[in-house]
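Undergrad: Right, I'll just put the structure down here and ask away after.
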Amino acid sequence: MSKDLNPISIWCQKRALVLIFSFYFSASLLLTITSDACHPIDKAALLDFKNKITFDPSKLLHTWTPKTDCCKSWQGIACDSSGRVVNISRSGLTSDDFILDTSMSGTLSPFLANISYLQLLDLSNLKDLKGQIPSEFGKLSRLTYLFLDTNKLTGSIPSTFRNLYNLKKLYLSDNLLSGTVPLSIFESFTSLSELGLSGNKLSGPIPSSIGKLVSLTKFDITQNFLSGSIPESIGNLKSLEYVDFSYNQLTGKIPQSIGGLTNLVLLYLNHNQLSGSIPASISGLVSLQFCRLSENKLTGNIPTSIGNLRSIQRLIFENNKLTGKLPATIGYLSSLTDVFFANNSFIGKIPPSFGNLQNLQTLDLSRNQLTGPVPPQLAKLQRLQSLDLSVNPFGLVSIPDWFQELKLFRLLLGNTGLEGQLPKWLASSSISTLDLSDNGLTGKLPNWIGNMTNLSFLNLSKNEFHSTIPEEFKNLTLLMDLDLHSNKFSGGLKTIFSKHFQDPLGHYNSIDLSYNSFSSPLDENIGDETSLASIVILILSHNRLGGSIPKSLGKLSGLMTLLLSHNNLSGAIPQEVLNLKQLQEFDVSGNKLSGRIPPHNATIPVTAFLGNPGLCGAPLPPCKHL
């Protein structure tokens, strides 16, 4: 399950709402106002803006001509009854009869600041507006909506913006703006409801004056270089619904005052350097649905008060330094759909109360210090699709039988102490991703593996399997990633390479069969196997493969990694293989290869050819007798 509700999906929703608003705002003005002729000052400013546009492929400004009335004939312009321009809307992503996604090159004219009655300026998504935001824009005291996002604007945010005290929405996101956020601008933005500064190069601290943005509902500064702590004054913003401070360099603690944001729906503080514990005051976020605190340096226990977040749907706390036991109060959060607590230091057992999370779809507790047994109450999680308990000292020994009552698509139990053979109930499951790596599983790979026809990812590496690959393996028509390395598998590889597939699915992306006992030569037509047509990674090192390296491997045009080291391969290295255009990693060391190493463009270290006494030529010493 994807955990990235943001940045893409939320950004798209946000922009769609902005575009719809802009379109209807413009249309309503155009349809309802009978205006006088366009004011000459406004017209001159608009023509100066057009003159500074160097490329307009979709002719967004083609109706802007000197001999026509800007109020009545110019697309994207709306005027009031006195002929003053109040709306300029020439976004690169517009919705009329159809969606138009286009661009415009040039710079912003400072003369736009002469349009003194302007209320809405939307030049967003034009992709190629460059240069600085003119400081003169600070004179637009009637401006209510300013959208300049998704361009290539540079320089700093003008301090003159402090005069835009009527602003309700300001989006400067996805540009190349730098410098600090001016302290003074927040002093005046008491009417501002939405602020988007994400995707720039802004640095320095978040001004404590943000506490004066009392009307703010959305605050998005993700993907900048902001540092320092989150101001305690954020607690004053009682209307906040959306806060995204992710992907910055923020330090210090999460302020206690954040618990006062009772209207907050989304809180993303991930990918920073925040420390300290999660404040118990988080219990005050009674409207919170999406909380992402991952990729920080948070410590301490999850407060038991988290059980008060009755609206929460996603809790993403992974990749921190959180400790202690998982609070049983999480079991009260009946709206939870996704829990990501991986890569912390949680101890103890999974609370049985987790079985009450009837809407849970994803549970990731991997890479902690949790112990068994896994509570059978989890069998009640009939909407659970993904369960990852890997890399915990559960000491499972066997997969509990009640697991078969779950309707899982992803099951990851790597390094959890499993022993013995694979349970036969897996044959009738709908599992697509199965990872049982780094355990003590033994025996043969069962014939019924071929019944797991939904498998797209299979990792049984680092176990004690010992057998050939059964013929039924060919029935895994959706399998794309296979990892069987570090077992005792033997026999040939034909069954793996010639498996069936369901176009366009079921073509291998990666195969790792290293550190086994596979033998027999590689089929000379291996490169013609359709299941391998899209393969990127092929690792066959440390086996007993004989024969020569097939020339047909050179047909696998997407191959980036080919590792064949420490086998019994002989003969020459085919030029077709070394000249694969995408090849980045290649290793044939420790074989019985001979002849001249073909000329190649890829940067391959000398170590990749060592241990083949018959090989010569760059990067090995030159050939003497060939």
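Undergrad: Just checking, how many residues over region 114-138 are without any contact (Cβ under 8 Å) to a residue 60 or more places away in the chain, open to solvent by less than 10 Å² (accessible area, probe 1.4 Å) and small (Gly, Ala, Ser)?
TA: Number satisfying all stated conditions: 1.
Undergrad: Given (1) touching a residue at least 24 places away in the same chain (Cβ under 8 Å); (2) under 38 Å from the mean Cα position of the chain (by Cα); (3) open to solvent by 60 Å² or more (accessible area, probe 1.4 Å), identify the lone condition not met by THR561.
TA: (3)
Undergrad: It is to be established whether one or more residues within region 255-273 are hydroxyl-bearing (Ser, Thr, Tyr) and out of contact with any helix residue (DSSP H, G or I) (no Cβ under 7 Å at 6 or more places or on another chain).
TA: no
Undergrad: Given the conditions (1) touching a Cys at 6+ places or on another chain (Cβ under 7 Å); (2) part of a helix (DSSP H, G or I); (3) modelled with pLDDT under 95, which single one is not true for LYS43?
TA: (3)
Undergrad: Do you know which of the residues in region 582-626 that are surrounded by 15 or more Cβ atoms within 10 Å (Cβ to Cβ) and among the hydroxyl-bearing types (Ser, Thr, Tyr) is farthest from LEU540 (Cα to Cα)?
TA: Among residues in region 582-626 that are surrounded by 15 or more Cβ atoms within 10 Å (Cβ to Cβ) and among the hydroxyl-bearing types (Ser, Thr, Tyr), the one farthest from LEU540 (Cα to Cα) is SER594.
Conditions (1) touching a Gly at 6+ places or on another chain (Cβ under 6 Å); (2) not small (Gly, Ala, Ser), marked per residue:
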position	(1), (2)
ILE254	no, yes
LEU264	no, yes
PRO279	no, yes
LEU298	no, yes
ILE302	no, yes
GLY307	no, no
ARG310	no, yes
THR329	yes, yes
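Undergrad: Identify, please: which residue in region 605-616 is assigned to a loop (DSSP other than H, G, I, E, B) and at pLDDT 95 or above and is, among those, farthest from LEU564 (Cα to Cα)? Please lay out each step first, then the result.
TA: Step one: filter region 605-616 for residues assigned to a loop (DSSP other than H, G, I, E, B), giving 605, 609-613.
Now drop any that are not at pLDDT 95 or above, which leaves 605, 609-612.
Values: PRO605: 15, PHE609: 10, LEU610: 12, GLY611: 12, ASN612: 12 Å.
Result: PRO605.
Undergrad: Taking ALA602 as meeting all but one of (1) assigned to a strand (DSSP E or B); (2) among the aliphatic types (A, V, I, L, M); (3) over 18 Å from SER514 (Cβ atoms), write down the number of the exception.
TA: (1)
Undergrad: Please work out which residue is nearest to LEU562 (Cα to Cα), limiting yourself to region 490-527 and to residues that are open to solvent by less than 70 Å² (accessible area, probe 1.4 Å) and of a type in the set (A, V, I, L, M).
TA: Ranking the qualifying residues of region 490-527, first place goes to ILE511.
Undergrad: Let me ask something else about it. Which condition from (1) surrounded by fewer than 22 Cβ atoms within 10 Å (Cβ to Cβ); (2) under 23 Å from THR433 (Cβ atoms) is the one that THR371 breaks?
TA: For THR371, the failing item is (2).
Undergrad: Would you please list the contacts, defined by Cβ atoms under 8 Å and residues six or more apart or on different chains, that run from a residue in region 408-427 that is at positive phi to a residue that is at pLDDT 95 or above and acidic (Asp, Glu)?
TA: ASN415/ASP438
Undergrad: Okay, moving on. List pairs: first in region 285-300 and open to solvent by less than 10 Å² (accessible area, probe 1.4 Å), second modelled with pLDDT under 95, Cβ under 9 Å, 6+ apart or cross-chain?
TA: Filtered contacts from region 285-300: SER294/LYS3.
Undergrad: Which of the numbered conditions does ASP149 fail, given that it passes all the others? Conditions: (1) touching a residue at least 40 places away in the same chain (Cβ under 8 Å); (2) part of a strand (DSSP E or B); (3) in contact with a helix residue (DSSP H, G or I) (Cβ under 9 Å, 6 or more places away or on another chain); (4) not polar (S, T, N, Q).
TA: So ASP149 meets the others, but not (2).
Undergrad: I've got another one for you. Which residues, taken from region 260-311, are basic (Lys, Arg), touching a Phe, Trp or Tyr at 6+ places or on another chain (Cβ under 9 Å) and closer than 24 Å to SER198 by Cα?
TA: Quick first cut of region 260-311, residues basic (Lys, Arg) only: 292, 297, 310.
Next cut, touching a Phe, Trp or Tyr at 6+ places or on another chain (Cβ under 9 Å) only: 292, 310.
Matches in region 260-311: ARG292 only.
Undergrad: Here's something else I'd like to know. What are the pairs with Cβ atoms under 8 angstrom where one residue, in region 605-620, is of a type in the set (A, V, I, L, M) and the other, located anywhere, is open to solvent by less than 60 Å² (accessible area, probe 1.4 Å) and assigned to a strand (DSSP E or B)? Sequence gap at least six, or different chains.
TA: Filtered contacts from region 605-620: ALA608/PHE586; ALA608/ASP587; LEU615/LEU593; LEU615/SER594; LEU615/GLY595.
Undergrad: So which residues in region 387-405 are of a type outside the set (D, E, K, R) and either more than 19 Å from PHE340 (Cα to Cα) or surrounded by fewer than 19 Cβ atoms within 10 Å (Cβ to Cβ) (or both)?
TA: So the first thing to find is which residues in region 387-405 are of a type outside the set (D, E, K, R), and the list is 387, 389-400, 402-404.
Within region 387-405, PRO393, GLY395, LEU396, VAL397, SER398, ILE399, PRO400, TRP402, PHE403, GLN404 meet the criteria.
Undergrad: Output the number of residues of region 404-447 satisfying the condition of being closer than 22 Å to THR495 by Cβ, touching a Leu at 6+ places or on another chain (Cβ under 8 Å) and hydrophobic (A, V, I, L, M, F, W, C).
TA: 7
Undergrad: Taking region 439-456, which residues are without any contact (Cβ under 8 Å) to a residue 40 or more places away in the chain, part of a loop (DSSP other than H, G, I, E, B) and more than 25 Å from the chain's Cα centre (by Cα)? Break it down into steps so the answer makes sense when it comes.
TA: Filtering region 439-456 down to residues without any contact (Cβ under 8 Å) to a residue 40 or more places away in the chain leaves 439-444, 446-453, 455.
Checking which are part of a loop (DSSP other than H, G, I, E, B) leaves us with 439, 444, 446, 452-453, 455.
Passing the criteria: ASN439, LYS444, PRO446, MET452, THR453.
The values are calculated or read from the model by the stated rules, or taken from the named source; none is laboratory data. Nothing here was measured: the structure is a model prediction, and the numbers come from that model. Glycine also receives a Cβ, built like all others from the backbone with ideal geometry; neighbour counts cover every protein chain displayed. Only protein heavy atoms, including side chains, enter the accessible area calculation; ligands, DNA and RNA are left aside. Shrake-Rupley method; radii C 1.70, N 1.55, O 1.52, S 1.80 Å.
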